[in-house]
């Protein structure tokens, strides 16, 4: 340290101290700070591709930057402590109860809500993407009445923000994208007497599932589906009947909502999200360092994850249709991704840009809906109306209220203006 730092320290010590007034000195300090930030910003932009991969693959590095790590940790601790002091979870939908369709029902409703991960609408075949990334969903759309809502506006550009916001009764402009301080959709469904189950194949539910039964599949050891501490999304369908049968019998007899949180298209190691036999687009980038990949191979790796999500949703829809055809349940599926992804557009990669500045690749996500004939009759949906409604603008704000409408839960927090299917329902 003396060899490296000694000479410049001696030079600084010998320099005469220039005395200036506080105003000129403040200006010089501000100018130096702006110049320093400009240099750092330029350097980061020039090396953004490498930095994006590095920070995503080695998250701990961001906490090793001295002295900012100490300032950040102290500030974060103080903010969390102040926020949590005396904070009580605000109740939501205390009046929630089953609607008229539950009176004398022949079959209980079963809704599967699939929360996608990092899928962007632009690469969904159903949205006009030239590649066939969603061939199975296209067949369901043509023959089974699946509804594609097209580009949907996400609440945030990260799971941390979007996941709680999707299940919040508040719209994004009302504060739904801030820290959750109130009960969410799952609490309302549970209060109405339904059985609720959260199955997670990612890094947790960000507090959304804290008060309902939860299953994590990330540590399973299923041959062909799990390896290196990670499982393909198909694993969530494994033993699903048994998981539902283990829920409270009285609640199960009234109705069931299962939420599945995908691994989906989470990057930068896109190649790890798809099984060897599910990689239609080649050559595929097989590195989690984006700078090692060509633009074409990176796009192929990402599109393979969308194609695998198409396969996973196809399996889920087949599972639901089989149980509906057997007369056991009135079934349905809602799929919507939490946020999108940048793949090099405008020099950006991955996601997490501030919502106000984020490109549409990170904020426009896919969303599809399928309801069995039995569930459509329960909801009193009219003919082609759901498909026609899909052309209207939809956002994450609609999920809370649309699910309440599909499950016919009567509560004062149900906002019909944010229920995507409300104009189609006879009741």
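The values are calculated or read from the model by the stated rules, or taken from the named source; none is laboratory data. Remember, predicted model here, so these are calculated numbers, not experimental data. FYI the Cβ positions are ideal-geometry reconstructions off the backbone, even for glycines, and counts take in every protein chain you see.
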Condition test on residue 68, is it within 20 Å of residue 291 (Cα to Cα), at pLDDT below 90 and not assigned by TED's automatic domain parsing to the domain that holds residue 267? no
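Could you say whether any residue in the range 259-266 is surrounded by fewer than 16 Cβ atoms within 10 Å (Cβ to Cβ) and either outside any strand (DSSP E or B) or not assigned by TED's automatic domain parsing to the domain that holds residue 112 (or both)?
Taking the range 259-266 first, the residues surrounded by fewer than 16 Cβ atoms within 10 Å (Cβ to Cβ) are none.
No; the residues of the range 259-266 include none that is surrounded by fewer than 16 Cβ atoms within 10 Å (Cβ to Cβ) and either outside any strand (DSSP E or B) or not assigned by TED's automatic domain parsing to the domain that holds residue 112 (or both).
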Can you name the residue in the range 119-142 that is over 19 Å from residue 392 (Cα atoms) and not in a helix (DSSP H, G or I) and is also nearest to the chain's Cα centre (by Cα) among such residues? 119
Suppose the filter is within 30 Å of residue 319 (Cβ to Cβ), touching a helix residue (DSSP H, G or I) at 6+ places or on another chain (Cβ under 6 Å) and at pLDDT 95 or above; does residue 93 pass it? yes
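Just to be sure, is residue 145 modelled with pLDDT under 95, in contact with a helix residue (DSSP H, G or I) (Cβ under 7 Å, 6 or more places away or on another chain) and not in a helix (DSSP H, G or I)? Write out each step before concluding.
Details: modelled with pLDDT under 95: yes; in contact with a helix residue (DSSP H, G or I) (Cβ under 7 Å, 6 or more places away or on another chain): no; not in a helix (DSSP H, G or I): yes.
No: the conditions fail for residue 145.
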Look at the range 191-204 and say how many of its residues are modelled with pLDDT of 95 or more, closer than 20 Å to residue 180 by Cα and assigned to a loop (DSSP other than H, G, I, E, B). 0
May I ask you to list pairs of residues, at least six apart or on different chains, whose Cβ atoms are under 6 Å apart, with the first in the range 174-189 being more than 18 Å from residue 402 (Cα to Cα) and the second being assigned to a loop (DSSP other than H, G, I, E, B) and modelled with pLDDT of 90 or more? 177/155; 177/156; 180/207; 182/92
